[in-house]
Amino acid sequence: MSRIDDFYISKEQSKNKTAPEYDKSQYYIGKISKVDFGGGIVQTENMTVLRQRLNHRDVLTPNTVGYLVVIDGAEGVFLGQIIESYLNNSDSIHDAMAKKDENVLHPNLKIKLIGVYDDDYFKLAGEYSFGIGDKVYVANSQIINNYVKSIQINSSSSTDIDDSIDFAKFNSTINNDINFEISADNLLDHHLIVIGATNSGKSTSSLAILDKLHEKHGKFLIIDPTGEYRDSFSNEVDVDVRTLGKNLFFDTSSLTNEQWIDIFHPNQNSQEVALLNAIKELKFKKYVNDCPQYLKSLKSENVDIDCVKKYITQNPNLIDRKGCTMDELKFLQEEWGKEELVNYPFELKYLSRQIYVDSLKLKKFGYGRDAVDRFDFDAFTYGINEWLIEKTKHYIIEYRLLDLFKSKNKNDISSVLDKFINGYKSLYIGLKNNKFPSTIGKIVIDYVGKYLLEKNNRDNPVTLFIDEVHRYAKETDDDGNYVSSLIELAREGRKNGIFLFLTTQSPKDVPPIVLNQMGTLLIHRLTGQNEIAAISNFLDSNSIAKLNNLNQGEAILTGVNLLQPVDLKVNLVKNRPQYNQTPHLVNEKNAEKIKILKNARHK
């Protein structure tokens, strides 16, 4: 292990062994007076050693907290951080402070052990520790630079590829110009979430990371609900930019029954059944229209096939079963319930009309032995379905759902995802379209998540970036269980080469089952007690105490691949547009117009 003196000589001096050392004593602050498993206490010589001073290029402020120190121990050179500074409470201390006699004031500094120096890096100390009487020095720029290089516990998996991402600078009281670098693997391989209150710099940090990931040819898929990033990568030849409803569409075969229920919100009684039955019938009708040979092959020994065919064909766009018997209905239900029709498309524009013609009830026709029970239009059943009929009609028109669902389109989401999975381009999916219902965002994420889990290859790793994830991850079923493909992605995505990159301003609204799978957190300013409590397990008490006071762009990075939480100042990305600025309440243009009007009225 290196001597501590090696840290306090310049590069020029290190080449010339006879050159004098820096005056190491100017960095000296005291000796260890107490040791425990987490660190210890430094007993300073007197208050004068804590004065702010400039040593070479190092601005030292040892009278505060948060700065790094090194300890010259018998078992090696140890790195620590001052987390508390205090004077013992006694009459003599109070008298000395009143008289401003600094020579008799001996502050105590609480130190947290970070690591031990070994083989050009600081590493986790393990069983090693400093001891009582060991000397303590303020860390200079050279030590801080070495610490920054040592932050990553795991080295990159590939020595041939430079996958380092330098999206921020180390936030230090000595030097704020030290670049912070971390490999893409160490940042993202256990999933990453960026957390912060509004206007804390969360979006800027996300774009800085995406920018560097793109620079290293990392493949990503952005799902952007607000349109913040819509032009950030629009000029890149290797990013496919799509906006839902413009150049990206769903096929009606893509959605599950649960997702159709999410869109139209029927009640959980008869209306839910009526909606799903109508969808099954429309799928069956389209199948019949697409496959004319089907009717020719239709046979049955129990019902009149000609009558069945009439119910199927008497309306060109709908299944009109008015007049059919219960046996004929059972036959039809078996036909449209076949497995091959589950994922078949249908014509959405006929949905409300299909529910209307399904407003039937068994009624008796004829007399005596000739009486037959047949389905006929029923006003009471229509009354039950009327609200659902009007609602589906309203949703289809108001939210222009026909612009979202287009069958056999080259821009269908499954085709776009296939190109993304099998190609080299990254993909941007914008959801900023006020004409579509809010549930569409959750549907897109569920669909994309399940598609990637099923078809992505671990040899083709992708980063799935989802902005404001708390909007989509809190859905629960009747039993209170969270239902989202995000949960499965968080648990199983890494096996399929899918790594989550999430952002949220409300960590308490992210399901714990997802949050606990995040191996790396970049945390900006948080003020809400509930928000801080949601992430308290990921930080020590000292880092938690900082969260309220972080400035815009400042953040704490913590994760399983890091030596300890790191204070960062995120770099601004100047060449990528981002629509995240808060508008000003005072409008100078309006003021100018009002001034002109006032002058005109005065004249």
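Miscellaneous remarks
- Total residues in the stretch 224-266, condition aliphatic (A, V, I, L, M), under 19 Å from Y447 (Cβ atoms) and part of a loop (DSSP other than H, G, I, E, B): 1
- Taken as a whole, the stretch 315-326 holds no residue that is at pLDDT 90 or above, within 43 Å of the chain's Cα centre (by Cα), exposed (fewer than 14 other Cβ atoms within 10 Å of the Cβ) and of a type outside the set (A, V, I, L, M).
- Identity of the residue in the stretch 128-145, open to solvent by 20 Å² or more (accessible area, probe 1.4 Å) and not hydroxyl-bearing (S, T, Y), that ends up farthest from G73 (Cα to Cα): N145
- The set of residues in the stretch 392-433 that are of a type in the set (K, R), at pLDDT below 90 and either touching a strand residue (DSSP E or B) at 6+ places or on another chain (Cβ under 9 Å) or assigned to a strand (DSSP E or B) (or both) comprises K406, K432.
- Any hit, the stretch 550-558, residues being open to solvent by 50 Å² or more (accessible area, probe 1.4 Å), of a type in the set (A, V, I, L, M, F, W, C) and out of contact with any helix residue (DSSP H, G or I) (no Cβ under 6 Å at 6 or more places or on another chain): no
- Evaluating L362 against the criteria (1) assigned to a helix (DSSP H, G or I); (2) open to solvent by 20 Å² or more (accessible area, probe 1.4 Å) leaves one unmet condition, (1).
- Test result for K299, more than 30 Å from I421 (Cα to Cα), charged (D, E, K, R), modelled with pLDDT under 90 and open to solvent by 10 Å² or more (accessible area, probe 1.4 Å): yes
- Residues of the stretch 327-355 that are open to solvent by 70 Å² or more (accessible area, probe 1.4 Å), part of a helix (DSSP H, G or I) and not basic (K, R): D327, Q333, E334, E339, E340.
- Per the listing N599, N587, the residue uniquely loosely packed, with under 11 Cβ neighbours inside 10 Å and either of a type in the set (D, E) or at pLDDT below 90 (or both) is N599.
Condition check ((1) under 25 Å from H214 (Cβ atoms); (2) open to solvent by less than 20 Å² (accessible area, probe 1.4 Å); (3) at pLDDT 90 or above) across all residues:
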site	(1), (2), (3)
L453	yes, no, yes
R458	yes, no, no
V462	yes, yes, yes
F465	yes, yes, yes
R471	yes, no, no
E475	no, no, no
R494	yes, no, yes
F499	yes, no, yes
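- Considering residues of the stretch 181-209 that are under 20 Å from L486 (Cα atoms) and hydrophobic (A, V, I, L, M, F, W, C) only, the residue surrounded by the most Cβ atoms within 10 Å (Cβ to Cβ): I195
- Residues of the stretch 390-436 satisfying the condition of being in contact (Cβ under 8 Å) with a residue 40 or more places away in the chain, of a type in the set (D, E) and open to solvent by 20 Å² or more (accessible area, probe 1.4 Å): D403
- When A533 is tested against (1) open to solvent by 30 Å² or more (accessible area, probe 1.4 Å); (2) aliphatic (A, V, I, L, M); (3) part of a loop (DSSP other than H, G, I, E, B), only condition (3) is not met.
- Among the residues of the stretch 59-74, the ones that are open to solvent by 60 Å² or more (accessible area, probe 1.4 Å) and either assigned to a strand (DSSP E or B) or touching a residue at least 60 places away in the same chain (Cβ under 8 Å) (or both) come to 2 in all.
- Checked against (1) surrounded by fewer than 21 Cβ atoms within 10 Å (Cβ to Cβ); (2) touching a helix residue (DSSP H, G or I) at 6+ places or on another chain (Cβ under 7 Å); (3) at pLDDT 95 or above; (4) not aromatic (F, W, Y), N277 passes all but condition (2).
- Matching residues in the stretch 166-180 - criterion: being within 20 Å of V462 (Cα to Cα) and crowded, with 22+ Cβ neighbours inside 10 Å: F167
The values are calculated or read from the model by the stated rules, or taken from the named source; none is laboratory data. Source: prediction; values computed, not measured. We place every Cβ from the backbone using ideal geometry, glycine too, and count neighbours over all the protein chains shown. All accessible areas refer to the heavy atoms of the entire protein, side chains included, with ligands and DNA or RNA removed. Shrake-Rupley method; radii C 1.70, N 1.55, O 1.52, S 1.80 Å.
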